[in-house]
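Student: The structure follows.
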Amino acid sequence: MILAADRGDLAGSESFQRALELVLQIVPAQGVVRALWRPDTRGRLGSISVVGDLGADAHVHDWVAAAEPDAATAVTVSSDDDAVLLTFSRSHERAS
């Protein structure tokens, strides 16, 4: 696991923490998790990537709901057969 965080904006960090807790419960033994909390001026807050065979039972799009983002935080998920990326951003920034 790789975990990195920068100081700064903590708005949305609760969603990030909940999602990371969920990912750590699900990730396979040989999986790799990279969690970065690095708010920037463009609206991006952070990301969590998981690489490894999550199996057919993994409903990764449900991870967004499990993160329980607040109204100001948007969480998007993209995935393929062996990787998942959760991206956290400010909601108002996504609309532009």
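Student: Just the residues that are touching a Lys or Arg at 6+ places or on another chain (Cβ under 9 Å) and buried (at least 19 other Cβ atoms within 10 Å of the Cβ), please, taken from the stretch 26-46.
Tutor: 39, 45, 46
Student: Considering only residues of the stretch 1-20 that are under 10 Å from the mean Cα position of the chain (by Cα) and of a type outside the set (Ser, Thr, Tyr), which is nearest to residue 62 (Cα to Cα)?
Tutor: So the residue we want is 19.
Student: Out of all the residues in the stretch 1-17, which are crowded, with 16+ Cβ neighbours inside 10 Å and either touching a strand residue (DSSP E or B) at 6+ places or on another chain (Cβ under 6 Å) or not polar (S, T, N, Q) (or both)? Give the steps one after another, and end with the answer.
Tutor: Taking the stretch 1-17 as the starting set, the residues that turn out to be crowded, with 16+ Cβ neighbours inside 10 Å are 12-13, 15-16.
Those that are crowded, with 16+ Cβ neighbours inside 10 Å and either touching a strand residue (DSSP E or B) at 6+ places or on another chain (Cβ under 6 Å) or not polar (S, T, N, Q) (or both): 12, 15, 16.
Student: Here's something else I'd like to know. Go through the stretch 62-87 and report how many residues are over 11 Å from the mean Cα position of the chain (by Cα) and surrounded by fewer than 19 Cβ atoms within 10 Å (Cβ to Cβ).
Tutor: 11
Readers should treat all values here as calculations from the given coordinates under stated rules, not as data from a laboratory. Source: prediction; values computed, not measured. Here the Cβ is made from the backbone with ideal geometry for all residues, glycine too, and neighbour counts use every protein chain on show.
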